[in-house]
Amino acid sequence: DSGVTLWTPAVKAEANEDSRRLTRFEALYSDSKDRKARMDQIVRNKASKEQEETAKQLQLTTRQKGFDPDHWGARYEEMVKKKRAKEARLEIERKQKEQQKAQEELKECLFKPKLLNVARYQKLEQDKQRLRDAAEALSGSQRPHLEALQDVNQDEHALDDRLQAEKEEELRGALAQVAQDLKLFLEQPEGADAWNERMEAYKMANPGIGTPRAREEAHNDIVSCNEANIRQAVDEKYRDRKAQETKTLHIQRFQILQELIKLERQWSEIAANLRLKDFPRVDFKPTLVASLKREPWYEAAKIAAVQPEMSLVSASLSQDEPSSIMEAPPSPRDSP
């Protein structure tokens, strides 16, 4: 009645139980902090080891792979030389046949025009024929460059589908590997501790959740976090690969364009020396380069051609394989 608590045996036992409960809570809290510190150290050690392995793999792939512009240029020049040799041989045979035909026709001709008109006419016809011959030879050299340019365009059109198929195949393999690695990790003591720690965090954040549900949610979070890391790594790798292969195609286009510019310069010099008022109809396209410079890819090709070293670095970096990282998400998500 006076409000003073009597120190009975029951009250004393309850006070002792509260003291023991508080002691257990403090011990569990201290043990959780120690486990968290050990887990953080394990994660840091694993990340450091993976960085070292990634650096070694980068050095290896840099030496083994990458676009070699010298090799491609030599192969392209060899193809053009073979094409030009064939065109020159056919041109010589055609001229021989025309000369033989003209001589046979002159033998049968009895008409003799004035010498002054004949000389002027012959000079004009010789200049036109010289221009036709030059145009035919240059057109034969222009044709393989156009075919090579069409091949580059076809490669660019097929680039997205090819890289998407390779990306999906690699992603399936990487996800399967990370699932296997994660299973082995969670079976080890440090993995089990991480799993239990996540489960306890769920139970603390959601007091009404049961242990089986908290354990399942913790496992799902660990799996989804690692899969998200793998997907991000694969996406970045193939984004870099697409940029590098696109640059490579632009460089090839720009090299082809330089060869076409050389042919147009030869045509301009020949036409300027002959000084003809009426040009004969020819197959050579003297304005082809101007039309190609209006294509959407021209500006990107011009930039890529002066930065080949950056393209090679990107190519080597794009060969890195994504690594599976065992980690748990930083905070529990609330249960519905």
For this session: Kindly provide the set of residues from the stretch 214-272 that are over 30 Å from Asp133 (Cβ atoms), touching a helix residue (DSSP H, G or I) at 6+ places or on another chain (Cβ under 9 Å) and aliphatic (A, V, I, L, M), ordered by number.
Result: Ala214, Ala218, Ile222, Val223, Ile230, Ala233, Val234, Ala243, Leu249, Ile251
Problem set entry | Criterion violated by Asn220 - all others in (1) out of contact with any Leu (no Cβ under 7 Å at 6 or more places or on another chain); (2) more than 30 Å from Tyr76 (Cβ to Cβ); (3) surrounded by 15 or more Cβ atoms within 10 Å (Cβ to Cβ) satisfied | (3)
For this session: Mind counting the residues in the stretch 132-162 that are over 21 Å from the mean Cα position of the chain (by Cα), surrounded by 14 or more Cβ atoms within 10 Å (Cβ to Cβ) and of a type outside the set (A, V, I, L, M, F, W, C)?
Result: 10
Seminar exercise, completed: If we keep only residues of the stretch 1-10 that are modelled with pLDDT of 75 or more and open to solvent by less than 100 Å² (accessible area, probe 1.4 Å), then the residue nearest to the chain's Cα centre (by Cα) is Ala10
For this session: Identify, from the list Leu171, Leu159, Leu149, the residue that is at pLDDT 85 or above and under 15 Å from Lys242 (Cα atoms).
Result: Leu159
Seminar exercise, completed: When (1) hydrophobic (A, V, I, L, M, F, W, C); (2) free of Cβ contacts under 8 Å to residues at least 60 places away in the same chain; (3) buried (at least 18 other Cβ atoms within 10 Å of the Cβ) are applied to Ala272, the one that fails is (3)
For this session: Of all residues in the stretch 223-239, count the ones that are open to solvent by less than 30 Å² (accessible area, probe 1.4 Å) and within 12 Å of the chain's Cα centre (by Cα).
Result: 3
For this session: Keeping to the stretch 90-118, report how many residues are modelled with pLDDT under 70, closer than 29 Å to Ala272 by Cβ and exposed (fewer than 11 other Cβ atoms within 10 Å of the Cβ).
Result: 2
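Could we say that Arg213 is without any contact (Cβ under 8 Å) to a residue 60 or more places away in the chain and open to solvent by 60 Å² or more (accessible area, probe 1.4 Å) here?
Here the answer is no, as Arg213 does not meet what is asked.
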Problem set entry | Any hit, the stretch 185-194, residues being open to solvent by 50 Å² or more (accessible area, probe 1.4 Å), over 30 Å from His250 (Cβ atoms), part of a helix (DSSP H, G or I) and of a type in the set (A, V, I, L, M) | no
Exercise. Mind checking whether some residue in the stretch 310-331 is out of contact with any strand residue (DSSP E or B) (no Cβ under 9 Å at 6 or more places or on another chain) and at pLDDT 85 or above?
Worked result: no
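The values are calculated or read from the model by the stated rules, or taken from the named source; none is laboratory data. What you see is a predicted model; the values in this text were computed from it and never measured. Every residue, glycine among them, receives a Cβ derived from its backbone with ideal geometry; neighbour counts consider all protein chains shown. To get the accessible areas, we keep the full protein, side chains included, count just its heavy atoms, and leave off ligands, DNA and RNA. Shrake-Rupley method; radii C 1.70, N 1.55, O 1.52, S 1.80 Å.
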